[in-house]
1. Among SER31, SER12, which comes first, second and so on when ranked by fewest other beta-carbon atoms within 10 Å?
2. Normalised radius of gyration for the stretch 75-145, please: alpha carbon Rg relative to 2.2 N^0.38 Å, two decimal places.
3. Report the number of Lys pairs in the stretch 1-104 whose alpha-carbons are under 18 Å apart, with separation of 8 or more residues or on distinct chains.
4. Among DSSP beta bridges whose residues both lie in the stretch 75-145, state the antiparallel percentage, nearest 5.
Amino acid sequence: MGLENLKPTDGSLHHDKVLGRGYGCGHGKTSARGQKGQGARPGNKPRLGFEGGQTPLYKRFAKRGFTHTAKVEYALVNVESLNAFEKDAIIDADVLRKAGLINKEYAGVKILGDGELSKSLHVKANKFSESAKTKIEAAGGTVEVL
C-alpha cells in the first residue's frame, strides 16, 4: 500500500456552495437566501434563541430548581436528642415541640438513628428509621407508628 492508493473516507469531503454567479450555478440571483426578509439581509442574523418577538423558550421556564408539590416533609429528630427526657416518658410530637426539638409544622415526625440512647422511652412518631427502632428497643423502650 502506497500513498498513491490512499483516498479520503466517504462523506469527509464536501464542496462549498457557489453563490451569486448566475442561474447556471443553481444558487444565483438571491444566493440561496430566499426573497426579502431578515435572513436575506447581509450581516443581519437573529441571535441564538430568538423566536421572532415571541418570548423565547429559555425565558418561559423557571431558571433553576424544582418544587415538588406532593412532597411530604417530616420533622427529623435523632435518637441522641431523646436522652433529654426522663426514663419511661411518653414522647410524641407535642412533647418534642415543647422541648424545642421541633419548631415548625410538618406532616409528621421521623425519628432517625444518629447517636445512642441510654434510657427506655415510649416513642410515638409517624416514621422511624430501622436503626432508630433497634436502638430504642435495645434500650428497653417501645416504638409506636402513628
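Since every read-out is calculated from the coordinates, none of them should be taken as a lab result. If you're wondering where the values come from, they're calculated on a predicted model, not measured in any experiment. Don't worry about glycine lacking a Cβ; one is built from the backbone with ideal geometry, like all the others, and counts go over all protein chains shown.
1. Numbers: SER31 15, SER12 7.
Taking fewest neighbouring Cβ atoms as first place, the list is SER12, SER31.
2. Numbers: Rg = 10.6 Å, N = 71, 2.2 N^0.38 = 11.1 Å.
With N residues counted in the stretch 75-145, Rg over 2.2 N^0.38 Å equals 0.96.
3. Numbers: LYS17/LYS29; LYS36/LYS45; LYS71/LYS104; LYS87/LYS98.
Taking the stretch 1-104 as the scope, the lysine pair count is 4.
4. On the way: 0 of 12 bridges.
The answer is about 0 percent antiparallel.
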